[in-house]
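**Student:** Dumping the structure here so I can ask a few things about it.
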Amino acid sequence: MKSIFNQILSVLMAVVVMCSTLSMTVSTHYCGNIMVDKSIIKPAKKCVLYENETQQNNGITKSNCCNDEVKIIKGQDQLKLQSTDFELPHPIFVQALVYTFFVKPIFQTNTTLSHYEYPPPLYERNFQALYQVYLI
């Protein structure tokens, strides 16, 4: 279970690193105030009105109602690798900890009882009334 969780976590972290370093362009084509097409990576498709105006102009410049908008989303160029120095202060302590909790000690003995411990007898008689001793 733990190894499956580690594998899933490592794949997820690889996807996060890949997405953070990925660059892409988003192009949008507007005809007037209406968005006609939006595309990632490749250019957006032009509308029919834009194609007709460019064919009819034949050298005459005319104001165009269509707009193309391109947004460039940049990812990280350089990844900052961060390392920390970890030093154990007392290696004997770590060795004792690992040995105590993770290695089964050889010195452990099986404790089996060879005799049974009997419970004390039950209180059956009223000794004060039997010996006629009363507290005054």
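**Student:** Which of the peptides 91-101, 26-36 is most tightly packed, and how do the rest follow, judged by the mean count of other Cβ atoms within 10 Å per residue?
**Tutor:** Answer by packing, highest mean first, reads 26-36, 91-101.
**Student:** Just to verify a number: FRET efficiency for Ala14 and Glu69, C-beta to C-beta distance, R0 = 35 Å, to 0.05?
**Tutor:** Approximately 0.60, to the nearest 0.05.
**Student:** Report the net charge of residues surrounding Met35, where surrounding means a beta-carbon distance below 15 angstrom and charges are Lys +1, Arg +1, Asp -1, Glu -1.
**Tutor:** Net charge around Met35: +1.
Bear in mind that the values in this text are calculations on the coordinates, not laboratory data. Source: prediction; values computed, not measured. Backbone-built Cβ (ideal geometry, glycine too); neighbour counts: all protein chains shown.
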